[in-house]
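> This is the structure, below, for whatever I ask next.
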Amino acid sequence: MRYDLVIFDLDGTLLNTIGDLAASVDYVMRSRNLPEHTDAEYRQMVGGGIKRLVERALPPHLACDEAYVEECVAQFRRYYVDNIDCHTLPYEGMCELLGELRSKGVMVAVASNKFQHGTDRLVEKFFSDIDFVAIEGNREGAPLKPDPMIITNILGIANVEKSRAIMVGDSGIDIRTAAAADIASVGVAWGFRFADELYDAGAKCVVTNVGELRDILLK
């Protein structure tokens, strides 16, 4: 087997979460008489954690007000926690791929910039039958991707050499995170970003469907 460990991003890679993220930010915007955004616009805003998402959604004169941003983040979090899985679904074929990887002895893990409670809740709901070696979301005080700490933590938990691990993600952030951690990566083009962003970030391979991804991970 080429890899002993496959580390997956969550939003845009394993799960299509954009509907619930968009609805939650729009709730905040609407309650404050601020302009809402389209799902396409939100796809360009996500990936850097909740605070960055809210900052990008706010008008510039409010996005630079730290106290105001924190109020919006808290409001978003309350609404999102209650509505985290209204529209969210796994991408077609991902449940089966995770199961096949595990059946062949390949460890799987999650590395997400989503807050830890939300990451745990979604993984438990949609992938409860998958034995993940680690489920790493964002914790208070911990750096966000593309800082490689999250990958370093997972490698330590799994006790896997860098050469035997690969990161799978849908954004340039994921590709840069893998590079910073000195592990291989593959980009997926079905998520929130386009292939051009992945290649610009240094991706050597971008797949368009789960079958192509399976060939890379299990060939």
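The values are calculated or read from the model by the stated rules, or taken from the named source; none is laboratory data. In this text, all values refer to a predicted model and were calculated from it rather than measured experimentally. Here Cβ is always computed from backbone atoms with ideal geometry, including for glycine, and neighbour counts include all displayed protein chains. These area figures cover heavy atoms from the full protein model, side chains too; ligands, DNA and RNA do not enter into them. Shrake-Rupley method; radii C 1.70, N 1.55, O 1.52, S 1.80 Å.
> I'd like to know if segment 113-123 contains one or more residues that are more than 22 Å from residue 45 (Cβ to Cβ), open to solvent by 20 Å² or more (accessible area, probe 1.4 Å) and modelled with pLDDT of 95 or more.
Yes, segment 113-123 contains a residue that is more than 22 Å from residue 45 (Cβ to Cβ), open to solvent by 20 Å² or more (accessible area, probe 1.4 Å) and modelled with pLDDT of 95 or more.
> Here is a list of conditions, (1) modelled with pLDDT of 95 or more; (2) at positive phi; (3) open to solvent by 30 Å² or more (accessible area, probe 1.4 Å), and residue 90 meets all of them except one; can you say which number that is?
(2)
> Only one of 79, 91, 68 is within 16 Å of the chain's Cα centre (by Cα) and among the aromatic types (Phe, Trp, Tyr); which? I'd like the intermediate steps shown before the answer.
Working: 79 fails: within 16 Å of the chain's Cα centre (by Cα); 68 fails: within 16 Å of the chain's Cα centre (by Cα).
On inspection, the qualifying residue turns out to be 91.
> Ok, one more. Kindly check whether there is at least one residue in segment 186-193 that is among the aliphatic types (A, V, I, L, M), modelled with pLDDT of 95 or more and either open to solvent by 60 Å² or more (accessible area, probe 1.4 Å) or in contact with a His (Cβ under 6 Å, 6 or more places away or on another chain) (or both).
The answer is no, given that none of the residues of segment 186-193 is among the aliphatic types (A, V, I, L, M), modelled with pLDDT of 95 or more and either open to solvent by 60 Å² or more (accessible area, probe 1.4 Å) or in contact with a His (Cβ under 6 Å, 6 or more places away or on another chain) (or both).
> State which residue is nearest to residue 209 (Cα to Cα) when the search covers only segment 162-183 and only residues that are open to solvent by 20 Å² or more (accessible area, probe 1.4 Å) and in contact (Cβ under 8 Å) with a residue 60 or more places away in the chain.
Here the answer is 173.
> A further question on this structure: Among what's in segment 68-112 and is in contact (Cβ under 8 Å) with a residue 12 or more places away in the chain and of a type in the set (Lys, Arg), pick the residue that is nearest to residue 154 (Cα to Cα).
Per the stated criteria, the residue is 102.
> Could you list, in sequence order, the residues of segment 7-41 that are of a type in the set (D, E, K, R), open to solvent by 10 Å² or more (accessible area, probe 1.4 Å) and in a helix (DSSP H, G or I)?
26, 30, 39, 41
> With segment 42-102 as the region, which helices (runs of 4 or more DSSP H) entirely inside it contain at least 3 residues that are in contact with a Leu (Cβ under 9 Å, 6 or more places away or on another chain)?
50-57, 66-82
> Can you give me the number of residues within segment 194-213 that are under 22 Å from residue 98 (Cα atoms), open to solvent by 30 Å² or more (accessible area, probe 1.4 Å) and in a helix (DSSP H, G or I)?
Here the count works out to 2.
> Would you call residue 140 more than 16 Å from the chain's Cα centre (by Cα) and open to solvent by 40 Å² or more (accessible area, probe 1.4 Å)?
For residue 140, the condition - more than 16 Å from the chain's Cα centre (by Cα) and open to solvent by 40 Å² or more (accessible area, probe 1.4 Å) - is met.
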